[in-house]
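The values are calculated or read from the model by the stated rules, or taken from the named source; none is laboratory data. What you are looking at is a predicted structure, and each value in this text was computed from that prediction instead of being measured. All Cβ positions, even for glycine, are placed from backbone atoms using ideal geometry, and neighbour counts span all protein chains on display.
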């Protein structure tokens, strides 16, 4: 098949193309490795500059094209239509956010080819959804898609019931790169990161923002540091100017770490904390951080919200009531005392895309 793939350039703080990062990269890459020709087109909201490069993906082909927001963006859709029409795709796949899903649906209609929408989160929980017309555009595009992929069962149910999707809706979970996220020597990881060897380390990595529920961890730390003298808090990732990490000699803020070093951090910790709010975003987001921590052999405590709650439904010691700092502190303390790492199965990207690829091919037979 010839497949046109659309997504934004930046995803979870990473460059999809240069970092070859996660779901937005793996879908086109694994499809190409299955023998398909894939042309991928990114719009870069940060202005990192134009890009055009090919990535080895034999026996197929994968080419990436990216341009930045500029005055020319006003004509982006029409220019992209001409470029994709010259490629003559048999299928259009769009992912990453509302503008790309809506654009993908429009292009597929113009080209008269099947359309696949990939929803890695509930995009109605994104800031873009506050722009008038965005939610309507998203729902219209998803409702008319021939195939919709979601990262969780709750999101699949939402799309089927609220969106009234006419095409097939399939929950296709994400996963992690097991070559990166794997258990590493704890003492060596702590030494590299400058963390104390004999302490009990609790921590997390990612956006340290209010809308991600980080305030619950900060409040839990106030209790934990008084109750467990050996405990230290370790944090990595960007934070809001008005919400800095807690202060104190037992708090270690590492700033924004490169992707590969996040696995080193998770290997250095004793327990990982995963904070989520009970919001439209939190209820449907994929438990990516949980998978990364578990792949590193790290015991975790996560908010009992949406897909995260479903993931640990049989392991209540891994769940805390959302926004309940006391419950989070108690669960962290229990995991420090008697650590348990859930044994959850994790397929690799090759397996996951291999299972979904026949559904792509079947769209051409309708």
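You will find that of 233, 208, 193, 243, the residue that is over 29 Å from residue 348 (Cα atoms), surrounded by 14 or more Cβ atoms within 10 Å (Cβ to Cβ) and not assigned by TED's automatic domain parsing to the domain that holds residue 359 is 233 and no other. Being without any contact (Cβ under 8 Å) to a residue 60 or more places away in the chain, under 17 Å from the mean Cα position of the chain (by Cα) and part of a loop (DSSP other than H, G, I, E, B) is a property that does not hold for residue 243. Of the strands (runs of 3 or more DSSP E) contained entirely in the stretch 47-155, not one carries at least 2 residues that are at positive phi, under 21 Å from the mean Cα position of the chain (by Cα) and assigned by TED's automatic domain parsing to the domain that holds residue 9. If you go through the stretch 255-274 one residue at a time, how many are under 22 Å from the mean Cα position of the chain (by Cα), part of a loop (DSSP other than H, G, I, E, B) and crowded, with 18+ Cβ neighbours inside 10 Å? Within the stretch 255-274, residues that are under 22 Å from the mean Cα position of the chain (by Cα), part of a loop (DSSP other than H, G, I, E, B) and crowded, with 18+ Cβ neighbours inside 10 Å number 1. Scanning the stretch 313-323 for residues that are at negative phi, buried (at least 22 other Cβ atoms within 10 Å of the Cβ) and touching a helix residue (DSSP H, G or I) at 6+ places or on another chain (Cβ under 6 Å) turns up at least one hit.
Looking across the stretch 219-240, the residues that are in a loop (DSSP other than H, G, I, E, B) and more than 18 Å from the chain's Cα centre (by Cα) come down to 228, 229, 230, 240. Quick one: is residue 295 on the phi < 0 side of the Ramachandran plot, within 16 Å of the chain's Cα centre (by Cα), crowded, with 20+ Cβ neighbours inside 10 Å and in contact (Cβ under 8 Å) with a residue 12 or more places away in the chain? Taking the combined requirement at face value, the residue satisfies it. Checking the stretch 207-218 against the condition returns a match, with at least one residue being closer than 22 Å to residue 267 by Cβ, assigned to a loop (DSSP other than H, G, I, E, B) and within 21 Å of the chain's Cα centre (by Cα).
Could you give every pair whose Cβ atoms fall below 6 Å, whose first residue belongs to the stretch 30-56 and is free of Cβ contacts under 8 Å to residues at least 12 places away in the same chain, and whose second residue is in a strand (DSSP E or B), counting only separations of at least 6 or pairs across chains? Once the first residue is free of Cβ contacts under 8 Å to residues at least 12 places away in the same chain and sits in the stretch 30-56, its partners that are in a strand (DSSP E or B) give 54/63. Among the residues of the stretch 237-255, those that are within 15 Å of residue 220 (Cα to Cα) and touching a helix residue (DSSP H, G or I) at 6+ places or on another chain (Cβ under 9 Å) comprise 245, 246, 248, 250, 251.
Considering every residue within the stretch 19-32, establish whether at least one is more than 24 Å from residue 173 (Cβ to Cβ) and either assigned by TED's automatic domain parsing to the domain that holds residue 85 or surrounded by fewer than 20 Cβ atoms within 10 Å (Cβ to Cβ) (or both).
no
Scanning the stretch 156-172 for residues that are in a loop (DSSP other than H, G, I, E, B) and more than 19 Å from the chain's Cα centre (by Cα) gives 162, 163, 164, 165, 166, 167.
Name the single residue that is nearest to residue 24 (Cα to Cα) among those in the stretch 142-158 being modelled with pLDDT under 95 and in contact with a helix residue (DSSP H, G or I) (Cβ under 6 Å, 6 or more places away or on another chain). Among those residues, the one meeting the criterion is 152.
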